[in-house]
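Below is one structure; the comments refer to it alone.
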There are 2 protein chains.
Amino acid sequence: MAAEIIDGKAFAADVRARVAGHVAQLKGQGITPGLAVVLVGEDPASEVYVAHKHRATVEVGMASFEHKLPADTSEADLFALIDRLNADPNVHGILCQFPVPEHLSERRTVARIDPAKDVDGLSVTNAGLLATGERALVSCTPLGCLMLLRDRLGDLSGKEAVVVGRSNLFGKPMAQLLLQENCTVTMAHSRTQDLPEVCRRADILVAAVGRAEMVRGDWVKPGATVIDVGITREPHPDKPGKTRLIGDVHFESAAEAAAAITPVPGGVGPMTIACLLANTLTACCRAHGMPEPEGLTA
Amino acid sequence: MAAEIIDGKAFAADVRARVAGHVAQLKGQGITPGLAVVLVGEDPASEVYVAHKHRATVEVGMASFEHKLPADTSEADLFALIDRLNADPNVHGILCQFPVPEHLSERRTVARIDPAKDVDGLSVTNAGLLATGERALVSCTPLGCLMLLRDRLGDLSGKEAVVVGRSNLFGKPMAQLLLQENCTVTMAHSRTQDLPEVCRRADILVAAVGRAEMVRGDWVKPGATVIDVGITREPHPDKPGKTRLIGDVHFESAAEAAAAITPVPGGVGPMTIACLLANTLTACCRAHGMPEPEGLTA
């Protein structure tokens, strides 16, 4: 193995510490950044995620507002809550944990959140602001990948970046962010012909397709930086009854070629909540007309 | 010369004829699509463009509303007009001719137009809808290029497309449209290293950088389709005192390699007004809850 392993867990801890430092400063000025999380229904996985987010929010000194609504909550009641949160000056970020029950629409729910508080960066308005190079709130996982890349590579200008996967949640905003950093950006996907060859162009290879170990070592340009966003849970080969997480990249072979690579787990994953906190801090600073925290935004 | 020359003038005439056919049908149902054009000040070039648009609008049977405001119009007065046009059911498309006088903001002006009537596709909302794959109004020039490419190539799926230039007006929406057509899309620009090599990958090469004849024949993959969006006016080499228009592509050498190429003038240029009319028709159909015209939208 040649590649340096990018320790997303350690870097995320550093991001959270930096956020906590800014929060302490803001509190000194009488401002407490606040994140509201809305959960509709009792999906067990969602409960775990929400508890995680709550703990992380409190740990950096922010106010955490949890709103748990019954599974049969009407859209009108959900929207009334969102409207209250939109209007609440103590709430700087609003997140609705998905999936929502089937009678509700994720699209309409996201659209109801004030774009300036949309810390998940999922709204059409934030996608448009990002696409036109204006001040947006950027989806947390691509923002986290950008932070890892900047930390590892410094100036990204002129580098060949290939993003595999074109979801609204990740691939498209990731491509926009890399373009903003002056990379030459290729958006590849399931209909790409000769995907291995396209990947081999990349100085920066970002894989987000959700197909376990699809990207092989011979797809990786020697010396490239590889960011693996995929998470597939599969039965553990050695421990009966246990599962393990694997990424979109075949780690062992890719690490032979790459100069640096994120592992799964412990790579991109931990960055997501750290960036949610960074976005809440950013939204708070903007709401108060203060300068944005350096290094924590796109 | 090997390449077929793509006749944008003839194709634009065909688009306008198709739009006229739809307009005639709508009028049979008592609906007349209407386009409002707002001009602030007396820029001579803008006066010519607005006159052109007016003539083209009337020719396809649409209602044309011209609003000429003095150069010292306040933002409040301009916005009051836009608000009236937003509310007017006879107006389906609104376009403010740019540039506006310096005391006005293009960004704020575009943001004031109802996104559903923003037939120039310039608003943040329409950029966000396009970026997230939702029903948008798409900037006219990239939409025109897409129509030319579909007409020439049919299914674009899996093709390697390279867009050189990353403006909000053209390059970025062009890349989104090609991605939507399942191309593998590379966004290249002034910071791209080895631009000739990147261009040589392209089955579809779209140049929109505004640098006369920058793309040379040896940048073009044999058999590629080349779309030249550049327009530079320069002194005519043979006719003293006259000027001529040239594109971003060195036509003679590129035409040796390409299978098809748009000339300048007479390529992409004529498509812009045709697509403005197509967008107005689309906006009208949407406003009335009718199916969108086939082949005239993204």
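What follows is calculated from the coordinates using simple rules that are stated; it is not laboratory data. This one's a predicted model, so the numbers in the text were calculated from it and none came from an experiment. Cβ coordinates were reconstructed from backbone atoms using ideal geometry, including for glycine residues, and neighbour counts include every protein chain displayed.
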* **Note, ³J(HN,Hα) from phi for the range B:21-30, Karplus 6.51, -1.76, 1.60, rounded to Hz, x at Gly and Pro** => x, 5, 4, 4, 4, 4, 4, x, 9, x
* Anchor B:K239: lysines whose Cα lies under 30 Å away (excluding residues fewer than 8 positions away in-chain) -> B:K9, B:K53
* Asked: Whose Cβ in chain A comes nearest the axis that rotates A onto B, and by how many Å?
  -> A:G128, 1
* Structure fact -> Spelling it out for A:C96: with amide H atoms placed in the peptide plane at 1.01 Å from N, the residues 5 or more places away or on another chain with amide H under 5 Å from its amide H are A:V38
* Structure fact -> Projected onto the charge dipole of the range B:140-270 (unit charges on the beta-carbon of Lys, Arg, Asp and Glu, signs +1, +1, -1, -1), the Cα from B:G223, B:V185, B:F170 with the largest positive-side position is that of B:F170
* Read phi for every residue in the range A:212-226 and hand back ³J(HN,Hα) as whole Hz from Karplus 6.51 cos²θ - 1.76 cosθ + 1.60, θ = phi - 60°, with x for Gly and Pro. => 4, 6, 5, 7, 9, x, 7, 8, 9, 5, x, x, 6, 9, 10
* Asked: FRET efficiency for A:D155 and B:A20, Cβ-Cβ distance as r, R0 = 35 Å, nearest 0.05?
  -> 0.10
* **Pairwise centroid distance, computed over Cα atoms, of the range A:54-83 with the range B:222-273, Å** => 57 Å
* What FRET efficiency do you get for A:N90 and A:R55 if R0 is 30 Å and r is their Cβ-Cβ distance, rounded to the nearest 0.05? -> 0.95
* Whose amide H sits under 5 Å from the amide H of B:L169, counting only residues 5 or more places off or on another chain, with H placed in the peptide plane? -> none
* Degrees separating the helix A:75-87 axis from the principal Cα axis of chain A, which is the longest one -> 80 degrees
* Asked: Taking the range A:29-115, how much of its Cα-Cα pair set, in percent, is spaced more than 15 angstrom apart?
  -> 57 percent
* Structure fact -> Scanning chain A, every Cys lacking a C-beta partner under 4.7 angstrom -> A:C96, A:C145, A:C183, A:C199, A:C284, A:C285
* Asked: Residue by residue, what Karplus-based ³J(HN,Hα) values in Hz, rounded to whole numbers, does the range A:139-148 have, using 6.51, -1.76 and 1.60 with θ = phi - 60° and x for Gly and Pro?
  -> 2, 5, 5, x, 4, x, 5, 4, 4, 4
* Structure fact -> Note to self, chain A gives a 222 nm [θ] from helices alone (DSSP H runs n ≥ 4, -39500 (n - 2.57) apiece, / all residues, nearest 500) of -12500 deg cm²/dmol
* Average projected area of the Cα convex hull of chain B, in nm²? -> 15.9 nm²
* Asked: How much net charge surrounds A:A260 when only the other residues with a Cβ under 9 Å from the Cβ of A:A260 are counted, with Lys and Arg +1 and Asp and Glu -1?
  -> 0
* So how tilted is helix B:44-59 from the main axis of chain B? Cα-based, degrees 0 to 90, rounded to 10. -> 80 degrees
* Asked: In the neighborhood of A:E294, defined by Cβ-to-Cβ distances under 12 Å, what is the net charge if each Lys or Arg adds +1 and each Asp or Glu adds -1?
  -> +1
* To do: Please identify the longest segment of chain B free of exposed GluC sites (Glu not before Pro), where exposed means a DSSP state other than H, G, I, E or B and no more than 15 other Cβ atoms within 10 Å.
  => B:135-293
